[in-house]
Amino acid sequence: MTITGKAWKYGEDVNTDLIFPGKYTYTLTEPEEIAAHALEDLDPTFAAGVEPGDVIVAGRNWGCGSSREQAATCLKWAGVGAVVAVSFARIFYRNAINHGLPAIACPEAVAAIEAGQPVTVDLAAGEIRCPAGVFAFEPFPPSVGQILADGGLIPHLRKSLAGRLNR
């Protein structure tokens, strides 16, 4: 799977409340509503400007804070193709994978990519391409790669179970 878009660049310790404001946690339920508030307290231009396949590039500890699942879903539903960061908070990382949003730790790429630049992420090859060069990352294990390819854990399980029931 290859993802291509422009880079949105952010700093370190961006917490889940900045990714998706907690004040909406129990009031918004539809994907379009949730996506419309992605990063609104960090970057008010993001939700209106993000395009399918765009890549968030971030510093250390992206997604720290509460275990708010909407932090991953709002980015996915807004069209973000991947998040490339120096490092991730553990719960955000798991939520991202569960929702089919690739979360890739690659400090070298983060240092090289500038906001607005074109970025291509090749999940199978383990490569991030940008104007500054090509940066390698450890490809996902096959099981995680299949979850991402299927669009998240729930679609993956539905597909797996359907295959077993049709035997």
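Please give the number of the condition Gln146 fails out of (1) touching a strand residue (DSSP E or B) at 6+ places or on another chain (Cβ under 7 Å); (2) exposed (fewer than 15 other Cβ atoms within 10 Å of the Cβ); (3) outside any loop (DSSP other than H, G, I, E, B); (4) not hydroxyl-bearing (Ser, Thr, Tyr).
Failing condition for Gln146: (1).
Hey, any hits in region 122-133 for a residue that's assigned to a loop (DSSP other than H, G, I, E, B), of a type in the set (Asp, Glu) and surrounded by fewer than 20 Cβ atoms within 10 Å (Cβ to Cβ)? Give the steps one after another, and end with the answer.
First, the residues of region 122-133 that are assigned to a loop (DSSP other than H, G, I, E, B): 123-126, 131-132.
Adding the requirement that they be of a type in the set (Asp, Glu) leaves none.
Taking every residue of region 122-133 in turn, none turns out to be assigned to a loop (DSSP other than H, G, I, E, B), of a type in the set (Asp, Glu) and surrounded by fewer than 20 Cβ atoms within 10 Å (Cβ to Cβ).
As an exercise: evaluate Glu138 against (1) touching a residue at least 12 places away in the same chain (Cβ under 8 Å); (2) more than 14 Å from the chain's Cα centre (by Cα); (3) not in a loop (DSSP other than H, G, I, E, B) and give the number of the one condition it does not meet.
(3)
Would you mention how many residues in region 100-118 are within 9 Å of the chain's Cα centre (by Cα) and free of Cβ contacts under 8 Å to residues at least 60 places away in the same chain? Spell out how you get there, then give the answer.
Filtering region 100-118 for residues within 9 Å of the chain's Cα centre (by Cα) gives 100-104.
Filter again for free of Cβ contacts under 8 Å to residues at least 60 places away in the same chain, leaving 100-101, 103-104.
Of the residues in that region, 4 qualify.
Given (1) surrounded by 14 or more Cβ atoms within 10 Å (Cβ to Cβ); (2) under 23 Å from Ala72 (Cα atoms), where does Glu114 come up short, assuming only one miss?
(1)
Having 2 or more residues that are not aliphatic (A, V, I, L, M) is the bar; report the strands (runs of 3 or more DSSP E) wholly within region 1-94 that clear it.
On the way: elements: 2-9, 55-58, 82-85.
In region 1-94, the matching strands (runs of 3 or more DSSP E) lie at 2-9.
Read-outs: derived from the displayed coordinates by stated rules, not from any lab. Computed from a predicted structure; not experimentally measured. Cβ sites come from the backbone with ideal geometry, for glycine too, and all protein chains shown count toward neighbours.
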